[in-house]
Amino acid sequence: MTNRKPLIAGNWKMNGNVSNAKELASSIAIWYKENNNNKFNMLICPPLPLLPIVKGILGDSGVFLGSQDCHMNDEGAHTGDTSALLLKDIGCTHTIIGHSERRTDHNETDATVKAKAESAIKAGLIAVICIGETLEERDNGKTLEVNSRQVINSMPNGATADNVVIAYEPVWAIGTGRIPSLEDVAETHAAIRKVIAEVIGDEEAEKMNILYGGSMKPENAEELIAITDVDGGLIGGASLKSEDFIAIAQTCL
Ligand code: PGA
């Protein structure tokens with residue numbers, strides 16, 4: 001048993017419009033308000049333009065709001081980017097950083113991720129830092145090496161269990177319907193916690209949430225979240241359907 005409160009986080013990616021975002025956010029908000037037993041947290045991360053709309057819908061439900069990225073600078077000439085300060089200002093509590101899709105689509109390196117995470121925590125946001133190996137790296141026996149390197153190089157200065165969440169997302173499991181064996185997930189999460197301890201100390205590492213992400217669904221959520229070092233999930237596809245997202249959250253009741 002640990003004292004970590006699981007986090008059920010939805011990453012909507014580049015999906016949704018005003019009308020279905022309102023519907024989805026409203027179902028989640030209503031459900032959480034009725035079922036929140038203070039034993040787990042919920043977070044949704046809609047596309048940027050929907051954030052203020054979803055914020056209005058979430059109201060006082062207790063569901064947290066996050067963005068899917070932030071810039072590393074506070075302001076300035078960075079067309080198309082958004083600062084962590086502005087995200088905080090519009091009511092976000094979290095931001096995802098370094099998702100594998102951003103590492104690939106936007107060439108984000110561990111150094112970029114670290115700088116963004118530093119900017120996020122300085123602004124008062126919780127940085128949900130994504131790490132994970134590719135299939136090739138896994139097949140070459142490099143899973144632990146890659147994840148350790150990403151933790152060490154992406155962890156922001158000043159990281160604590162209160163301002164950083166790590167999301168372990170094997171790249172080959174994202175959106176594919178495939179997940180690692182439960183033994184592999186347990187081993188990797190335990191190894192990640194050990195590396196976090198080496199970077200920021202045992203006490204913070206023990207308290208820090210490590211989410212699993214990659215094809216988490218209602219059918220596999222319970223057994224994944226039951227693993228000692230798995231403290232919730234970062235959910236893509238299944239977070240777009242309120243029944244599925246709620247069914248996953250129900251495993252924390
Ligand atoms: P998935 O995505 O649940 O659709 O696999 C997870 C993620 O990329 O965060």
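A few notes on this one:
- Flag for GLU183 being within 16 Å of the ligand (Cβ to nearest atom) and either closer than 21 Å to PHE64 by Cβ or not hydrophobic (A, V, I, L, M, F, W, C) (or both): no
- Which listed residue is open to solvent by 10 Å² or more (accessible area, probe 1.4 Å), away from the ligand (no atom under 16 Å from the Cβ) and in contact with a Pro (Cβ under 8 Å, 6 or more places away or on another chain), from LYS39, LYS22: LYS39
- Given (1) part of a helix (DSSP H, G or I); (2) of a type outside the set (S, T, N, Q); (3) more than 16 Å from the ligand (Cβ to nearest atom); (4) closer than 29 Å to ALA123 by Cβ, number of the condition GLU145 does not satisfy: (4)
- Condition broken by SER61, with the remaining ones in (1) within 20 Å of ALA249 (Cα to Cα); (2) part of a helix (DSSP H, G or I) satisfied: (2)
- Per-region count, the stretch 80-112, residues open to solvent by 10 Å² or more (accessible area, probe 1.4 Å) and in a helix (DSSP H, G or I): 13
- Residue match in the stretch 200-208 (condition: within 14 Å of the ligand (Cβ to nearest atom) and buried (at least 20 other Cβ atoms within 10 Å of the Cβ)): no
- Any chance PRO6 is more than 23 Å from LYS207 (Cβ to Cβ) and surrounded by fewer than 22 Cβ atoms within 10 Å (Cβ to Cβ): no
- Figure legend. Inter-residue proximity from the stretch 83-110: first residues free of Cβ contacts under 8 Å to residues at least 60 places away in the same chain, second residues part of a helix (DSSP H, G or I) and basic (Lys, Arg), beta-carbon distance below 6 Å, spacing 6+ or different chains. Indicated pairs: GLY91/LYS55; ILE97/LYS116; GLU108/ARG102.
- Selection within the stretch 59-74: residues that are out of contact with any strand residue (DSSP E or B) (no Cβ under 6 Å at 6 or more places or on another chain) and away from the ligand (no atom under 16 Å from the Cβ). The member of this set that is most open to solvent (accessible area, probe 1.4 Å) is ASP60.
- Checked against the criterion of being away from the ligand (no atom under 13 Å from the Cβ), surrounded by 21 or more Cβ atoms within 10 Å (Cβ to Cβ) and within 26 Å of PRO47 (Cβ to Cβ), the candidates ALA123, ALA115, ALA127, ALA159 yield just one match: ALA127.
- Taking the stretch 155-250 as the region of interest, the helices (runs of 4 or more DSSP H) fully inside it that hold 1 or more residues being more than 19 Å from ILE8 (Cα to Cα) are 182-200, 202-207.
- Residues that are part of a helix (DSSP H, G or I) and more than 21 Å from GLN68 (Cα to Cα) were ranked within the stretch 31-54; the one that is farthest from the chain's Cα centre (by Cα) is GLU34.
- Only residues that are within 18 Å of the chain's Cα centre (by Cα) and either away from the ligand (no atom under 12 Å from the Cβ) or farther than 21 Å from SER100 by Cα (or both) were counted in the stretch 209-219, giving 3.
The values are calculated or read from the model by the stated rules, or taken from the named source; none is laboratory data. Quick caveat: nothing in here was measured; it's all calculated off a predicted structure. In this analysis, Cβ positions are derived from the backbone assuming ideal geometry, glycine residues included, and neighbour counts consider all displayed protein chains. The protein model used for the area step is the full one, side chains on, heavy atoms only, and it has no ligands, DNA or RNA in it. Shrake-Rupley method; radii C 1.70, N 1.55, O 1.52, S 1.80 Å.
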